[in-house]
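Student: Provided herewith is a single structure, encoded as C-alpha cells, for subsequent inquiry.
A short reminder: the numbers here are calculations on the coordinates, not readings from a lab. For clarity, every value in this text was computed on a predicted model and none was experimentally measured. Ideal geometry is used to build each Cβ from the backbone, glycine not excepted, and the neighbour counts take in all protein chains shown.
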Amino acid sequence: MKKSQNNVIEAKAEEPTSEDLFYIKWGRETHKDNIGVLNNVLRQFITLDTALLAVLIAFFDKIQICKWIKVLSCALLMFSLVMAVFGIIPLSSDLDLRRPDLIKAHKKRVLIRKKRLMWISVSSFVLSFIIILIVLIFGDFGQILWRGLTSFGQSVFSRE
C-alpha cells in the first residue's frame with residue numbers, strides 16, 4: 001500500500017482463488033449453522049443427563065459411595081439438564097425482518113446465550129463425573145472426610 005500526498009491510500013487487490021472462495025463460502029455456512037449445532041449438542045446433553053440421572057436414582061442405595069456425594073452428583077446432573085432445556089427454548093422477540101442489523105443482533109444474542117448455557121451444562125455434567133470418579137478411585141475417602149467434618153462440627157458446637 002502506498003500513501004499519496006492527499007492522504008489517499010492506494011492498494012492493489014487480487015482476485016480470490018477458487019480455494020479462497022471455497023473457504024469463504026464454507027465459513028459463512030459454518031457461521032449460519034452454529035445455532036443448529038448448539039441445539040443438537042444441547043439435545044444430546046438432555047439425553048445424557050436424563051439417562052445418568054435415572055441410573056443414579058435407580059441405583060441410589062446400591063452405589064457404595066457417600067450419600068452426600070450421590071446427592072451432589074444428582075444435583076449437578078439436574079442442573080445440567082435444566083440448563084440444557086433452557087438452552088433449546090427459543091427466544092421470542094418482536095423482530096423487524098426488514099432490518100438486517102436487527103436480525104444480526106438477534107442471532108448474535110441467541111448464539112451467545114446458547115453457548116453460555118451449553119458450557120454451563122457441560123461443566124456441571126463433567127463436574128458430576130469428576131466427583132464420582134474421584135470417590136470411586138480413592139475408595140472410602142469421601143466417607144472418612146464426611147465423618148471427620150461431622151465429628152469436628154459436633155465437637156465445636158458441643159463446647160458452647
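Student: State which residue pairs qualify: first residue under 30 Å from residue 110 (Cα atoms) and touching a residue at least 40 places away in the same chain (Cβ under 8 Å) and inside segment 12-34, second residue among the hydrophobic types (A, V, I, L, M, F, W, C) and part of a helix (DSSP H, G or I) in any location, beta carbons under 8 Å apart, and separation of 6 or more residues or different chains.
Tutor: 34/111
Student: Separate question: Under the condition of being outside any helix (DSSP H, G or I) and acidic (Asp, Glu), which residue from segment 95-141 is surrounded by the most Cβ atoms within 10 Å (Cβ to Cβ)?
Tutor: My answer is 140.
Student: Could you tell me whether any residue of segment 45-62 is surrounded by 11 or more Cβ atoms within 10 Å (Cβ to Cβ), among the small types (Gly, Ala, Ser) and under 16 Å from the mean Cα position of the chain (by Cα)?
Tutor: Within segment 45-62 (the criterion being surrounded by 11 or more Cβ atoms within 10 Å (Cβ to Cβ), among the small types (Gly, Ala, Ser) and under 16 Å from the mean Cα position of the chain (by Cα)), the answer is no, since none of the residues qualifies.
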